[in-house]
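The values are calculated or read from the model by the stated rules, or taken from the named source; none is laboratory data. Computed from a predicted structure; not experimentally measured. We place every Cβ from the backbone using ideal geometry, glycine too, and count neighbours over all the protein chains shown. Each accessible area value is taken on the protein alone, full model and side chains, heavy atoms only, with ligands, DNA and RNA left out. Shrake-Rupley method; radii C 1.70, N 1.55, O 1.52, S 1.80 Å.
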Amino acid sequence: MQSMKANPNWYNIHEAFRLNGIRYAFEDLGEIGYSLVKEGEDFEIGIGDFLMDWASEKPTLEVQTSGSTGTPKTVVLKKAQMINSARATGAHFELSEGDSALLCLPCTGIAGKMMLVRAMVLGLRLDYVRPSSDPLSDTSKGYDFVAMVPLQLQNSLKHLDRIKALIVGGAPVSVMLRNQVKTLKTQVFETYGMTETITHIASKKLSDESSRFFRVLPNVNISQDDRGCLVIDAPNIAEDSINTNDLVDLVDENTFQWLGRADSIINSGGVKLVPEQIEEKISEVMTHRFFLTGLPDEKLGQKLVLLIENGNLDKTEVLENLTKLKNLSKYEIPKEVVLLENFAETSTGKILRADTVQKIR
């Protein structure tokens, strides 16, 4: 094994780091990781695999993308860059040595892995629970810092008085959910990022009036390409510029508004529709999970279709409610409503849109 002096980055575990109340040094990570893989519960295997990866001599590790916005792929990340990301998060959210944190996301993805990295680098007291749609029901403790996906946040509203600060990512937060968290004492931040950027590179506080706009973390520069999509330059976490498929309105060099995905645009009779923008508008009246997609149509080329995760609704009534929304143009009213019992989703509840659409084709 190389010396700690030669590789100071991932070998240095903060002395205040705790995992489920137990202090582990770098030399312990391989053993505890192996134990979790061999003897732990199913969700602990991902934690164990990561700890063994972190304890290895390799300066990189592989992370699988979720596939929620495209075909899943493997991304190779440098441990040194993951440490830089953890420090940027610590500075941005003012995390301190000894703060308590909860890991309630699977460690198979970047979000779960980075909670462990932050804890080891910043000296957090990290607990973990089985990832579920209602993770705070599995613990009665309070925490300074927690990361969730929107479905977990929705189901945890009644417990949020125990949480000081919470970041939510993986999918856009609906208008209804944003309005619900505005009245809480908990500081809730929506984040923007992806596996390639080692989780979030920007955030916005949902209780602020300017919550439409994301502000980037330290040492991140943003611009747009000729499609109007976000380009990210973050030398501390990525050696090359990252060209995204996310359409944005660039407010200034540090601030942007996310509009939707360039690869999800629907061309309906020559009118280009961005599903995510329309979803934002109709989320005010939707009480079930939903999303919009484009399906083939002989006259229009593509027609706007609303998919709802509930098989018992009245489709006619749904359309009538949408036609009453004053913020929708006639082109933004779906031509068809499809009801499904369940959407295809990732292990953390992120909707797999393409897989869900395949169910109705």
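Things worth noting here:
- Any chance residue 130 is more than 23 Å from residue 284 (Cα to Cα) and either open to solvent by less than 20 Å² (accessible area, probe 1.4 Å) or touching a strand residue (DSSP E or B) at 6+ places or on another chain (Cβ under 7 Å) (or both): no
- Filter result (touching a strand residue (DSSP E or B) at 6+ places or on another chain (Cβ under 9 Å), without any contact (Cβ under 8 Å) to a residue 60 or more places away in the chain, closer than 18 Å to residue 205 by Cβ and surrounded by fewer than 21 Cβ atoms within 10 Å (Cβ to Cβ)) within region 155-168: 160, 164
- Counting only residues that are closer than 17 Å to residue 264 by Cα and modelled with pLDDT of 90 or more, region 67-80 holds 0 of them.
- For the condition surrounded by 14 or more Cβ atoms within 10 Å (Cβ to Cβ), within 23 Å of the chain's Cα centre (by Cα), within 22 Å of residue 340 (Cβ to Cβ) and of a type outside the set (A, V, I, L, M), residue 284 does not qualify.
- Criterion violated by residue 64 - all others in (1) modelled with pLDDT under 95; (2) exposed (fewer than 15 other Cβ atoms within 10 Å of the Cβ); (3) out of contact with any Ser or Thr (no Cβ under 9 Å at 6 or more places or on another chain) satisfied: (3)
- Against the numbered list (1) crowded, with 17+ Cβ neighbours inside 10 Å; (2) among the small types (Gly, Ala, Ser); (3) on the phi > 0 side of the Ramachandran plot, residue 270 comes up short only at (1).
- In this structure, residue 75 does not qualify as closer than 19 Å to residue 346 by Cβ, in contact (Cβ under 8 Å) with a residue 12 or more places away in the chain, touching a Cys at 6+ places or on another chain (Cβ under 6 Å) and open to solvent by 10 Å² or more (accessible area, probe 1.4 Å).
- Scanning region 345-361 for residues that are at negative phi, surrounded by 17 or more Cβ atoms within 10 Å (Cβ to Cβ) and not in a strand (DSSP E or B) gives 346, 348, 350, 352, 353, 356, 357.
- Restricting the first member to region 173-189 and to residues that are closer than 16 Å to residue 214 by Cβ, and the second to residues that are part of a helix (DSSP H, G or I), the beta-carbon pairs closer than 8 Å and six or more apart or on different chains are 173/150; 173/153; 188/153; 188/160; 188/181.
- Residues in region 108-164 that are within 29 Å of residue 53 (Cα to Cα) and of a type in the set (Lys, Arg): 4 in all.
- The set of residues in region 209-238 that are part of a loop (DSSP other than H, G, I, E, B) and open to solvent by less than 40 Å² (accessible area, probe 1.4 Å) comprises 211, 217, 220, 225, 228, 234, 237, 238.
- Scanning region 260-267 turns up at least one residue that is under 30 Å from residue 81 (Cβ atoms) and either in a strand (DSSP E or B) or over 22 Å from the mean Cα position of the chain (by Cα) (or both).
- Residue-level check: of (1) of a type in the set (D, E, K, R); (2) within 24 Å of the chain's Cα centre (by Cα); (3) under 25 Å from residue 244 (Cα atoms), residue 309 misses just (3).
- Verdict on residue 312 being touching a Leu at 6+ places or on another chain (Cβ under 8 Å), polar (S, T, N, Q) and either exposed (fewer than 14 other Cβ atoms within 10 Å of the Cβ) or without any contact (Cβ under 8 Å) to a residue 12 or more places away in the chain (or both): yes
- Whichever residue in region 239-255 is not in a loop (DSSP other than H, G, I, E, B) and not polar (S, T, N, Q) and, among such residues, is surrounded by the fewest Cβ atoms within 10 Å (Cβ to Cβ): 252
- Members of region 2-61 that are part of a strand (DSSP E or B), at pLDDT 95 or above and either open to solvent by 20 Å² or more (accessible area, probe 1.4 Å) or out of contact with any Phe, Trp or Tyr (no Cβ under 9 Å at 6 or more places or on another chain) (or both): 18, 22, 23
- Tally of residues being open to solvent by less than 20 Å² (accessible area, probe 1.4 Å), closer than 19 Å to residue 254 by Cα and more than 17 Å from the chain's Cα centre (by Cα) across region 89-101: 1
- Restricted to strands (runs of 3 or more DSSP E) entirely inside region 75-153, no element has at least 1 residues that are of a type in the set (Val, Ile, Thr) and at positive phi.
- Listed by first and then second residue, the pairs with beta-carbon distance under 9 Å, at least 6 apart or on different chains, first residue in region 277-290 and at positive phi, second open to solvent by less than 60 Å² (accessible area, probe 1.4 Å) and among the hydroxyl-bearing types (Ser, Thr, Tyr), form an empty list.
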